[in-house]
């Protein structure tokens, strides 16, 4: 499904999120920076950029943390929309830029994760199993959350800024 197609329709408004992590970005403590953008009908309604509280042991783990933070933000917005009577299309879309993380979220095996990572993994996976959330791979050039996690060259920054409609 193309995220920009049919953002609003009879079946409700499309709420989607983009989740990204810059693994071990901080050179001093090697903590990862999470970024997330939540969009409704193609417009940004929330975003977050936050250093993760714990040191992730892999890119995949850092992506789980970012995905769970972004999912929590998106689900909060969906609940607010429902409370004020706005119909929301289900499933909502979560775009993740790491295929290994998506494979783990879609699979059954979670062994080997620390408890804090396993909990976040199961949080996202539970909503995907209930079909409230559809996890979708998003290639780097379309990852809107990159603007929140990385230092980018000017042309890429302008491109992403336009994708999230932050241009003046």
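The values are calculated or read from the model by the stated rules, or taken from the named source; none is laboratory data. Please read these numbers as outputs of a predicted model, since none were measured by experiment. Don't worry about glycine lacking a Cβ; one is built from the backbone with ideal geometry, like all the others, and counts go over all protein chains shown.
Observations on the model:
- The sole residue among 2, 6 that is at pLDDT below 95 and on the phi > 0 side of the Ramachandran plot is 6.
- Only one of 122, 82 that is assigned to a helix (DSSP H, G or I) and modelled with pLDDT of 90 or more: 82
- Residues that are within 12 Å of the chain's Cα centre (by Cα), crowded, with 19+ Cβ neighbours inside 10 Å and either modelled with pLDDT of 95 or more or not in a helix (DSSP H, G or I) (or both), drawn from the stretch 43-65: 47
- Scanning the stretch 78-88 for residues that are touching a residue at least 24 places away in the same chain (Cβ under 8 Å) and either in contact with a helix residue (DSSP H, G or I) (Cβ under 9 Å, 6 or more places away or on another chain) or surrounded by fewer than 19 Cβ atoms within 10 Å (Cβ to Cβ) (or both) yields a total of 4.
- Flag for residue 140 being on the phi < 0 side of the Ramachandran plot and at pLDDT below 90: yes
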